[in-house]
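Everything below concerns the one structure shown next.
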Amino acid sequence: MKVVACYNIKGGVGKTATAVNLAFVAAREGARVLVVDLDPQGAATFYFRVKPKVKGGGKGLVSGKRDLDDLIKATDHDRLDLIPADFSFRNLDLLLDAEKKSKKRLARQLKPLAGDYDYVILDCPPSVSLVSETVFHAADALVVPLIPTTLSLRTYEQLGTFREEEKLTGLRLLPFFSMVDRRKTMHRDIVDSFPESHGEALPVSVPYSSVVERMGSERAPLAAFAPKSAPAAAYEMLWAEIARRIG
């Protein structure tokens with residue numbers, strides 16, 4: 001079982017759209033997939049038409065007294081399950097801080113699911129916090145959506161520095177560009193030049209498109225309602241490259 005976290009320090013870069021669409025593509029190709037919605041806003045939970053409620057709330061998630069099996073909900077899609085968000089997840093930092101060895105808590109909680117799923121995809125809130133550190137210790141790879149702007153690149157460099165400082169050498173960073181508008185000179189320049197200094201960059205960009213915004217009204221992944229759209233095709237190629245790299 002591989003654990004893939006969709007993460008960025010910044011918000012509004014397409015983390016949830018990435019998690020939902022990658023999970024759907026992986027499941028459609030035959031993998032058993034579990035999405036864990038760690039964001040108290042619960043956007044991934046909303047897209048999958050599941051009620052944003054967890055038994056025991058955030059405490060039930062991190063305490064270890066409740067098996068994650070009890071929290072898993074089926075979605076409308078074959079081989080694709082979900083641990084939904086709960087608004088109490090806004091307090092996960094405090095709850096984790098009260099636990100011993102909290103940074104490895106999520107990894108321990110996920111380990112018993114290895115026989116049931118091929119991939120766990122974590123939809124993470126935007127922050128650098130104890131929650132994100134817990135994610136870093138649980139994940140095999142961070143898929144990092146980047147908007148092609150100077151500030152977005154700066155936050156990615158901060159993430160790389162943090163990984164080095166925390167000695168998370170086994171954590172693979174997989175950045176890619178989302179919301180790309182190639183009519184903009186800055187977007188073109190950054191997307192074309194970034195791989196020269198970042199060999200880890202995924203060679204797929206997701207174009208800006210209003211069809212991605214329709215995920216909210218359709219409450220479905222792109223490939224379920226707009227399979228021929230450019231972003232849907234991009235997410236398919238993106239997953240193929242991610243799966244190849246993580247094995």
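Here are a few things to note about the model shown:
- Just so you know, in segment 123-161 the residues that are more than 21 Å from G14 (Cβ to Cβ) and among the hydrophobic types (A, V, I, L, M, F, W, C) include one that is modelled with the lowest pLDDT, and it is L130.
- Total residues in segment 178-206, condition open to solvent by 40 Å² or more (accessible area, probe 1.4 Å) and on the phi < 0 side of the Ramachandran plot: 16
- Residue tally, condition within 23 Å of N21 (Cα to Cα) and either hydroxyl-bearing (S, T, Y) or out of contact with any helix residue (DSSP H, G or I) (no Cβ under 9 Å at 6 or more places or on another chain) (or both), over segment 162-186: 1
- Test: residue in segment 14-22 that is closer than 20 Å to S209 by Cβ, open to solvent by less than 20 Å² (accessible area, probe 1.4 Å), under 9 Å from the mean Cα position of the chain (by Cα) and polar (S, T, N, Q): yes
- Cβ-Cβ distances below 8 Å connect the following pairs, each with a first residue in segment 95-120 that is of a type in the set (S, T, N, Q), a second residue that is at pLDDT 90 or above, and a separation of six or more residues or different chains: S102/T134.
- Condition check for A138 on (1) surrounded by 22 or more Cβ atoms within 10 Å (Cβ to Cβ); (2) farther than 20 Å from A23 by Cβ: one failure, at (2).
- Residues (among the small types (G, A, S) and touching a strand residue (DSSP E or B) at 6+ places or on another chain (Cβ under 8 Å)) located in segment 130-147: A138, A139, A141
- Flag if V20 is under 24 Å from M179 (Cα atoms), part of a strand (DSSP E or B) and at pLDDT 95 or above: no
- Residue among A234, A230, A220, A240 that is open to solvent by 30 Å² or more (accessible area, probe 1.4 Å) and either under 19 Å from the mean Cα position of the chain (by Cα) or within 21 Å of A5 (Cα to Cα) (or both): A240
- Of the criteria (1) modelled with pLDDT of 90 or more; (2) not in a strand (DSSP E or B), which one L92 fails: (1)
- Test: residue in segment 166-177 that is assigned to a helix (DSSP H, G or I), β-branched (V, I, T) and open to solvent by 30 Å² or more (accessible area, probe 1.4 Å): no
The values are calculated or read from the model by the stated rules, or taken from the named source; none is laboratory data. What you see is a predicted model; the values in this text were computed from it and never measured. A quick note on method: Cβ atoms are made from the backbone with ideal geometry, for glycine too, and the neighbour counts reach across all protein chains shown. Quick note on the areas: whole protein, heavy atoms, side chains included, nothing else; ligands and nucleic acids left out. Shrake-Rupley method; radii C 1.70, N 1.55, O 1.52, S 1.80 Å.
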